[in-house]
Amino acid sequence: MTIKKIALEEHFMAPDFVDYWASTLVNISPDLSGKALVALSDFGDRRLDEMDRHGIEFAVLALAGPGVQIERDEALAMRRATEVNDFLCAEIAKQPKRYGGLAHLAMQNPKRAADELERCVTQLGFSGAMVNGSTNGVYLDHDSNEVFWERAAALGAPLYIHPNNPVDTPALYDGHSELWGPVWSWGVETATHALRLVFSGVFERHPGATLILGHMGEAIPFQLWRLDSRWEIANRKGRTLKRPPSEYIRDNIVVTTSGVCSAEPLHCALSALGTDKVMFSADYPFERTQEAAHFIETVDISEDVRAQVCWDNAKRILKLHL
Ligand code: GRE
Ligand code: ZN
């Protein structure tokens, strides 16, 4: 039996962004990338049929990264981000009952990114934003982003950090291109990015901010106790937090099931963060929607929790009027 679902790491592509996306292709086999581009560019029958087959009533769409996170020209980055948000808005308008949106933002200019987030949420009806890792090596805990977090919190607009490659390639990965990308390095990069936000006090200063992580929380739910324990003895160089790091993680970070179809990490995320913090996602077209849907429909959790994960949590967190 299919169960009605909302999904929110569902990607699309726009013509001007194919060149940025090419930098992601180093991570995947040419076999997948050709098929992916066709699927990404479709907003019609192909995507809707797949959603229909697997009970996805509503898909919140986001550009496949990295987009302007790797654009060096700030003015061009801002222009492109605005254009792609308008492009997505026009596609959503053709299928308003099936599609929602996450804004693409030029974090090169945090104040203007905050303005664009506000435009997207208040005028275009988007649910929040997706940022693809660092912006040219600048992470979202950088002081310049205070203005952005303040606005995101005021708007109640969640920010999804989607993995991307870091700007440097640590010796750690030498000779291991298979580990570079979604197999491993993306998770390390994205979890570390999230922890930079926690430890720099972003959620202490902006308790209304919500961060979304994919991939069942990029392994962070597994590590809560250890983060608290080792933070106590860390060389903090003056950094302080009023509460243990795990409390900010529990209060301000929510996760999706994207790209993880196994019971143990789901149970870990549910018990570490709470059953109100985990949301189904498929990660179209990079993962198999059928497998993701079958997993969440059959995994051993109560029917109440299944409904929270498949529907209620995303509806509440993304403020969807469904
Ligand atoms: C993803 O979004 O998870 C993804 C990409 C590109 C390649 C592989 C992949 O965006 O898993
Ligand atoms: Zn993805």
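The values are calculated or read from the model by the stated rules, or taken from the named source; none is laboratory data. The structure displayed is predicted, hence computed values, not measured ones. Positions of Cβ are generated from backbone atoms using ideal geometry, with glycine treated the same way; all protein chains shown enter the neighbour counts. Remember, those area values only see protein heavy atoms, side chains included, never the ligands or the DNA or RNA. Shrake-Rupley method; radii C 1.70, N 1.55, O 1.52, S 1.80 Å.
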Estimated distance in nm for a label pair at residue 75 and residue 53, the labels positioned 7 Å out from Cα along Cα-to-Cβ: 4.7
Of 322, 68, 153, farthest towards positive along the dipole that unit charges on Lys, Arg, Asp, Glu beta carbons give the chain: 153
Calculated FRET efficiency for the pair residue 232/residue 83, C-beta based, R₀ 56 Å, to 0.05: 0.75
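Can you compute the helix-only [θ] at 222 nm over the chain? Use -39500 (n - 2.57) per DSSP H run of at least 4 residues, normalise by all residues, nearest 500 deg cm²/dmol.
The helix contribution divided over the chain gives -12500 deg cm²/dmol.
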Fraction in percent of alpha-carbon pairs per bin - 5 Å, the range 15-171: 2, 9, 18, 21, 20, 16, 9, 5, 1, 0
Heavy atoms of residue 121: accessible area, 1.4 Å probe, square angstrom to 10: 40
Rounded if a/c under 1.5, otherwise prolate or oblate - the range 87-172, Cα gyration tensor axes: oblate
Residue among 149, 21, 225 with the largest mean-square fluctuation in a Gaussian network model of the chain, springs linking Cα atoms under 10 Å: 225
The range 7-70 shape via C-alpha gyration tensor axes, a/c threshold 1.5: prolate
GNM flexibility winner over the chain from 105, 195, 117 (Cα, springs under 10 Å): 195
Mean accessible surface per residue for the chain, computed with a 1.4 Å probe while every protein chain stays in place, in Å²: 44
Zone of residue 150's modelled label, taken as backbone nitrogen in the range 183-206 under 14 Å from a point 7 Å along Cα→Cβ: 205-206
Theoretical FRET efficiency, 1/(1+(r/R0)^6), r = Cβ-Cβ of residue 45 and residue 1, R0 22 Å, to 0.05: 0.40
Within the chain, percent of DSSP bridges classed antiparallel, to nearest 5: 5
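Which shape class applies to the chain: rounded if a/c is under 1.5, otherwise prolate when a/b exceeds b/c and oblate if not, where a ≥ b ≥ c are the square roots of the Cα gyration tensor eigenvalues?
rounded
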Largest to smallest accessible area among 177, 262 [probe 1.4 Å]: 177, 262
DSSP beta bridge pairing in the range 1-157, given as percent antiparallel to the nearest 5: 10
